Amino acid sequence: MLTLLKLLKDGKFHSGQALGVALGISRSAVWKQLQHLEAELGLSIHKVRGRGYQMAAPLTLLDPADIKEQAPSCDWPILVFDSIDSTNAEALRAIERGQAAPFLVLSERQTAGRGRRGRNWASPFAENIYYSLVLRIEGGMRQLEGLSLVVGLAVMQALRDLGIPGAGLKWPNDVLVGQKKIAGILLELVGDPADVCHVVLGVGINVNMQATDEIDQQWTSMRLESGRVFDRNHLVAQLGLMLQKYLARHQIDGFSAIQREWEQNHLWQGRAVSLIAGVNQIDGEVLGIDSQGALRLKVDGVEKVFSGGELSLRLRDDS
Ligand code: BTN
């Protein structure tokens, strides 16, 4: 089915007969595959009598050679899938199989994309970026301190450089434009964090997506913000370069060297918020973060510090 897609992705007309010859199948088998492409991947294909089939819009698929050419210093192997449950889950399986880190897992779509706090991550085919970079961490806990915030900063910078100037951060590691989420980050860790472990830096960026009924919070995409269609290979390359830069700084100088820059880009700095932890809610004012990336809130006039993967922030109505 995806071989057929690769023939059609140029956005030109292809006759059923020519497609059948190229694939070694009958014209009616071509027709069936096209129906599957539309139903399963949500793609729109025009059928014009006498001319054949044409994708409603040309499609650029992920291409490791193109990515490597644009980011030669990112010399990690790239595993690209047409479809996978979750790039983070596949990355964890690859670690189990003994794949040497660093390596990168990408997919055109995810059938069970994972978000934070058990949520689903909307992952339609060939529209967005589903990116999992695996690192081997040998430096113990210090190398993990604030790591997810550093990834958020790198994602935000990559988006700004590519023409989304309004991208900013929300603790702990959402990237927003205004109140709308444009990218999310999910770190997963295996091994002994105090000794040697592997960490999967999972990044989802809404790139060319224009509509979905799968997201129950305010969201946006690079295309919706700018009116432009983005080349995902270019974005993957730029993201790799930016991650390399920030991860090197983090590794050498620790998170405290990045703390100020992170705070300067925190959209909710000084705002009145509610911190949600399961059924508990704590109201306070955002003071910033500490040298390990934990959230500093003024609660009833007293500074308190919060950290943990299950926490989330909401703006208070009166802020
Ligand atoms: C969030 O809830 O904000 C985190 C979303 C993280 C989504 C990305 S997409 C690539 C990687 N694979 C996953 O299953 N999840 C992360």
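The values are calculated or read from the model by the stated rules, or taken from the named source; none is laboratory data. Since the structure is predicted, the reported quantities are computational estimates derived from the model, not experimental observations. In this analysis, Cβ positions are derived from the backbone assuming ideal geometry, glycine residues included, and neighbour counts consider all displayed protein chains. Accessible surface is based on the protein model in full, side chains and every heavy atom, while ligands, DNA and RNA are left aside. Shrake-Rupley method; radii C 1.70, N 1.55, O 1.52, S 1.80 Å.
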Residues of segment 178-193 satisfying the condition of being assigned to a strand (DSSP E or B) and either surrounded by fewer than 22 Cβ atoms within 10 Å (Cβ to Cβ) or away from the ligand (no atom under 15 Å from the Cβ) (or both): 180, 181, 187, 188, 189, 190, 191
Just name the residue that is farthest from the ligand (Cβ to nearest atom) out of those in segment 104-115 that are over 12 Å from the mean Cα position of the chain (by Cα) and surrounded by fewer than 22 Cβ atoms within 10 Å (Cβ to Cβ). 111
Enumeration of residues in segment 133-183 that are over 15 Å from the mean Cα position of the chain (by Cα), β-branched (Val, Ile, Thr) and within 30 Å of residue 194 (Cα to Cα): 137
Could you tell me which numbered condition residue 200 fails, if it satisfies all but one of (1) crowded, with 19+ Cβ neighbours inside 10 Å; (2) outside any strand (DSSP E or B)? (2)
Assuming residue 293 fulfils every condition listed in (1) closer than 27 Å to residue 71 by Cβ; (2) assigned by TED's automatic domain parsing to the domain that holds residue 207 apart from one, which condition is it? (2)
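Condition check ((1) more than 13 Å from residue 156 (Cα to Cα); (2) among the acidic types (Asp, Glu); (3) open to solvent by 60 Å² or more (accessible area, probe 1.4 Å); (4) in a helix (DSSP H, G or I)) across all residues:
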| residue | (1), (2), (3), (4) |
| --- | --- |
| 229 | yes, no, yes, no |
| 237 | yes, no, no, yes |
| 246 | no, no, no, yes |
| 251 | yes, no, yes, yes |
| 256 | yes, no, yes, yes |
| 268 | yes, no, no, no |
| 273 | yes, no, no, no |
Every residue in segment 162-177 that is closer than 18 Å to residue 227 by Cβ and open to solvent by 10 Å² or more (accessible area, probe 1.4 Å), please. 162, 163, 165, 166, 177
Within the bounds of segment 274-286, is there any residue that is closer than 22 Å to residue 182 by Cα and modelled with pLDDT under 95? yes
If you go through 217, 157, 210, the only one that is among the polar types (S, T, N, Q) and not in a loop (DSSP other than H, G, I, E, B) is 157
Mind checking which pairs have a first residue in segment 128-150 that is farther than 23 Å from residue 82 by Cα and a second that is part of a strand (DSSP E or B) and away from the ligand (no atom under 16 Å from the Cβ), Cβ under 6 Å, 6 or more apart or different chains? 137/197; 143/137
For segment 44-58, what are the residues that are aliphatic (A, V, I, L, M) and either at pLDDT 85 or above or open to solvent by 60 Å² or more (accessible area, probe 1.4 Å) (or both)? 45, 48, 55
When both residues are 6+ apart or on different chains and their Cβ atoms are under 7 Å apart, which pairs have a first residue that lies in segment 236-259 and is over 15 Å from residue 290 (Cβ atoms) and not assigned by TED's automatic domain parsing to the domain that holds residue 129, and a second that is at pLDDT 95 or above and open to solvent by 10 Å² or more (accessible area, probe 1.4 Å)? none
May I ask you to list pairs of residues, at least six apart or on different chains, whose Cβ atoms are under 7 Å apart, with the first in segment 183-196 being over 19 Å from residue 136 (Cβ atoms) and the second being within 16 Å of the ligand (Cβ to nearest atom) and open to solvent by 70 Å² or more (accessible area, probe 1.4 Å)? none
